[in-house]
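These notes concern the structure reproduced below.
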Amino acid sequence: MAGSVVSIAETGSTNADLLADIDWPEGRWLRADRQTAGRGRLGRGWSSPMGNLHASTVVALNPGDPPAAGLALLAGVALAEALSLFVPAGAPLMLKWPNDLLLNGAKLAGVLLERSGERVVVGLGVNLAHAPILPERPTTSLAEIAPPPAPEVLADVVADRFSTWLARWRREGIGPVRSAWLSRAHPIGTAITVSESGDTGLFDGLAEDGALRLRRANGSIAVVRAGDVRVAA
Ligand code: BTN
């Protein structure tokens with residue numbers, strides 16, 4: 001299985017660790033049983049108790065690589081594929097732009113990308129055994145619908161799926177990643193609100209670089225490159 005995983009008992013944040021050790025080899029992952037200062041997107045924290053998956057790796061950008069923005073979708077696709085092996089058939093597992101994973105409409109997993117020069121740290125958090133209770137949005141854990149795998153078991157599968165998709169992205173560009181993402185995401189036409197601006201409209205697919213296209217009621221298209229969106233239940 002491609003990709004190797006180094007496991008440790010506890011750290012502040014596996015993303016912070018790899019940013020501090022940025023020459024960490026591509027293909028190797030760092031997984032912590034628990035994090036004491038887990039980081040989420042948009043400056044949020046990430047609750048990281050024992051029993052959940054917290055793991056990060058580094059992508060070393062090469063001059064011939066497709067634009068790095070595509071890594072956000074790629075990480076979501078790799079994680080969704082890995083998780084789909086552990087959820088019951090037909091379970092409503094869905095990607096939400098750019099790379100949140102929702103189960104029954106509640107947040108199951110998230111991805112944090114942090115760039116340092118020509119290297120990108122990719123961190124994944126999955127609520128396997130526990131879900132934090134958050135005031136601003138619903139969360140869930142895999143344990144709520146099925147016996148979850150041990151974090152180290154899921155980590156091995158994630159490492160494998162990620163390295164397969166990374167090689168494909170380098171070989172074939174963003175196209176196959178985009179298609180795989182769209183096949184696992186909210187359908188075109190889903191009602192969407194951009195959290196930061198409050199802009200609302202219908203999901204109109206992805207721009208070439210993976211940005212979200214939002215069709216407003218007046219027919220104009222907004223292209224959203226950063227931030228968070230809410231989808232209709
Ligand atoms: C999100 O807000 O949706 C992204 C959450 C990413 C959490 C993971 S856990 C492993 C890695 N280390 C961190 O501190 N954050 C990421």
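The values are calculated or read from the model by the stated rules, or taken from the named source; none is laboratory data. Just so we're clear, the structure is a prediction, and the values are computed from it rather than from any experiment. A quick note on method: Cβ atoms are made from the backbone with ideal geometry, for glycine too, and the neighbour counts reach across all protein chains shown. Note: areas computed on protein heavy atoms with side chains; ligands, DNA, RNA excluded. Shrake-Rupley method; radii C 1.70, N 1.55, O 1.52, S 1.80 Å.
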Packing-wise, with mean Cβ within 10 Å as the measure, how do 3-12, 45-54 rank, highest first?
45-54, 3-12
Binning at 10 Å from 0, report for the range 87-147 what percent of all alpha-carbon pair distances ends up in each bin.
22, 47, 22, 9, 0
For the range 1-75, what % of the accessible area comes from carbon and sulfur atoms, probe 1.4 Å?
54 percent
Can you tell me the dipole magnitude for the range 91-221 around its Cα centre, using point charges on the Cβ only (Lys, Arg +1; Asp, Glu -1), in Debye to the nearest 20?
320 debye
Can you list, bin by bin at 5 Å, the percent of alpha carbon pairs in the chain, starting at 0?
1, 7, 15, 19, 21, 17, 12, 6, 2, 0, 0
What dipole magnitude, in Debye to the nearest 20, does the chain give about its Cα centre under +1 on Lys/Arg Cβ and -1 on Asp/Glu Cβ?
540 debye
So the carbon and sulfur contribution to the accessible area of the range 96-164, 1.4 Å probe, in percent, is 56 percent
Expressed in angstrom, Rg and Dmax over the Cα atoms of the range 8-80 are 13.1, 39
Find which of Gly175, Ala207, Leu83 sits farthest along the positive direction of the dipole of the chain, computed with +1 on the beta-carbon of Lys and Arg, -1 on that of Asp and Glu, about the Cα centre.
Ala207
re the range 45-99: pairs of Cα atoms spaced beyond 13 Å account for a percent value of 72 percent
I'd like to know which of Asn62, Ser47, Leu30 lies farthest towards the positive end of the charge dipole of the range 15-67, counting +1 on Cβ of Lys and Arg and -1 on Cβ of Asp and Glu.
Ser47
How much area per residue is accessible in the range 139-205 when the probe is 1.4 Å and only protein heavy atoms are counted (Å²)?
43 Å²
With +1 on each Lys and Arg Cβ and -1 on each Asp and Glu Cβ, how big is the dipole of the range 11-142 about its Cα centre, in debye rounded to the nearest 20?
400 debye
Positive end of the charge dipole of the range 62-191 (Lys, Arg +1 and Asp, Glu -1 on Cβ, about the Cα centre): tell me which of Gly189, Leu166, Leu101 has its Cα farthest that way.
Gly189
